[in-house]
Structures are given as structure tokens and as C-alpha cells.
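Visitor: Pasting in a structure now, in C-alpha cells, and then I'll have a few things to ask.
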Ligand SMILES: [Zn+2]
């Protein structure tokens, strides 16, 4: 990432989701506004929000989209397979959302459905879409290029020291295993990975320390 670009983040909602704002040349892409969309829009009044994107369909990643796009007029995008589920994310949630009304809402239908290899542009930065099924069927990771080289947004696919759960609707151990193996080979060790929850990390660090990225980890864990 060049020094001219900037990343801001907001921790939002009942599950303390990391919402990221990638800013380049005064343009801003918001990733995973999981709640409090109006508040996020207020915090970003000094830039132009040109794109909103969700890494997957869970309520804690899409719950702020409606208010954010209403405030900014920005289009929003999500992996094609997760798009339909996102529009009733609250009903599909396993969490009790009472008390968060107004903070989390179902998003409107997505403006753009993303597929493997698609590119999102913001200023002089580009983000390539990688399809990463496992946590949800249509989850995506965004890998930075151009002035965003060295940055990736991981959603709930990979965390520092862990990975996303696969026991929710549409989750798959088999898909997650293949996704993690693919990401380990595809994302450069030097890349800083911004995760949907918890701390940011690097692929170099995770290749050494993350048990889910070790060869044979899955076979050992599940006794195949
Ligand atoms: Zn999730």
C-alpha cells in the first residue's frame, strides 16, 4: 500500500465486526459495514464513498449496508452466491438481534454480484475478488493491487491464529480446507490481512502459527 492511501476501521455491532474503509485519491471503498451504517457515513464525510462491499452474507457484515448506501448513494456488491441470503440476513441469523433495531437492517438487493477474478476499483487502488467458500458458500476475499498491493480483506475466512466457523448454514469443512490451502499459495507472505474480527495479521505469520494452515492439520483434527 502506498503512503498516500489510507485504511480506517470501525468496530461495529453485537459481534464486534471490523468494518474497513480503504481510501485512495479521496475515493473510499467500505468493506463489511456490519451495523451502524449511518454512523459510518458520518465518519466518512470527508471522502467520497464510491463502493460498499460485503465479504459474505452474515448479518454482522451486511447489517449497516442499507443505512450506509442510503446516506452515500454508493452501490454495493457481494459474492453472487451469497447475494440472495444477504437480503434476509437478520432472519437467517442465529443470534438474538433484539436491542439492535435500527443499527442492523437487511440490505437491499445488491447492485453488483461478484465472481472470481472481478476487480473493484477505488482511486488508484484495485481489489481482485477471490471466491472463498467454506464459512458461507459465496464468501469472498479481496486482494489489493495497484496502490493497494500488500493489503487483503479476509472477511471471516481467515483470522489471526484461526479460521471462520463452518457449522452455520451453508458452511463446509471440505470447502474451507480447500479455500485455506488455496489462499496459502495465492496470497504473498508479505501481505497484511485485515480480518472480519480481531487483529490484522500477515500471511507470513499465519503460515508459521495458524494451525489451520499447517499441512495435514485437517486430517489430524478430524481423524480421517
Ligand atoms: Zn460470518
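Visitor: Quick one: 149, 91, fewest Cβ neighbours within 10 Å first, how do they rank? Intermediate results must be reported in sequence, preceding the final value.
Guide: Details: 149 15, 91 10.
By the 10 Å Cβ count, ascending, the order reads 91, 149.
Visitor: How many percent of DSSP beta bridges within the range 6-222 run antiparallel, rounded to 5?
Guide: Details: 29 of 45 bridges.
About 65 percent, rounded to the nearest 5.
Visitor: Okay, moving on. Once the piece of chain linking residue 165 and residue 214 is laid out straight, how much longer is it, given 0.36 nm per residue of separation minus the C-alpha distance between them?
Guide: Once the chain is fully extended between residue 165 and residue 214, it gains 15.9 nm.
Visitor: Run lengths n ≥ 4 of DSSP H only: what is the helix-derived mean residue ellipticity at 222 nm for the chain, with -39500 (n - 2.57) per run over all residues, to the nearest 500? Can you show the working numbers first?
Guide: Values: 8 runs with 54 residues, N = 224.
It comes out at -6000 deg cm²/dmol, rounded to the nearest 500.
Visitor: Right, here's the next one. What distance in nm lies between label points placed 7 Å from Cα along the C-beta direction at residue 111 and residue 45?
Guide: 2.2
Visitor: Quick check on the chain: what are the equivalent-ellipsoid semi-axes from the Cα gyration tensor, as sqrt(5λ), descending, whole Å? Mind dumping the intermediate values first?
Guide: On the way: eigenvalues 136, 91, 42 Å².
Working through the eigenvalues yields semi-axes of 26, 21, 14 Å.
Visitor: Another one. Report the relative contact order of the range 17-91, percent, no decimals, based on alpha-carbon pairs under 8 angstrom and at least 6 residues apart. Could you put the intermediate results ahead of the total?
Guide: On the way: 145 pairs, mean separation 22.7, N = 75.
For the range 17-91, the relative contact order is 30 percent.
Visitor: Something else: Kindly state, to the nearest 0.05, the FRET efficiency for residue 84 paired with residue 38, given R0 = 30 Å and r defined as their beta-carbon distance. Each step should come with its number before you reach the end.
Guide: Values: r = 25 Å, r/R0 = 0.84.
The value I calculate is 0.75.
Visitor: How would you order 198-208, 44-54, 129-139 from highest to lowest mean count of nearby Cβ atoms within 10 Å?
Guide: Details: 198-208: 16.0, 44-54: 20.7, 129-139: 24.6.
The densest-packed peptide leads the list: 129-139, 44-54, 198-208.
Read-outs throughout are calculated quantities, based only on the coordinates presented, and are distinct from any laboratory measurement. Here the structure is a predicted model, which is why all the values come from computation and not from measurement. Every residue, glycine as well, gets a Cβ built from its backbone with ideal geometry; the counts of neighbours run over all protein chains shown.
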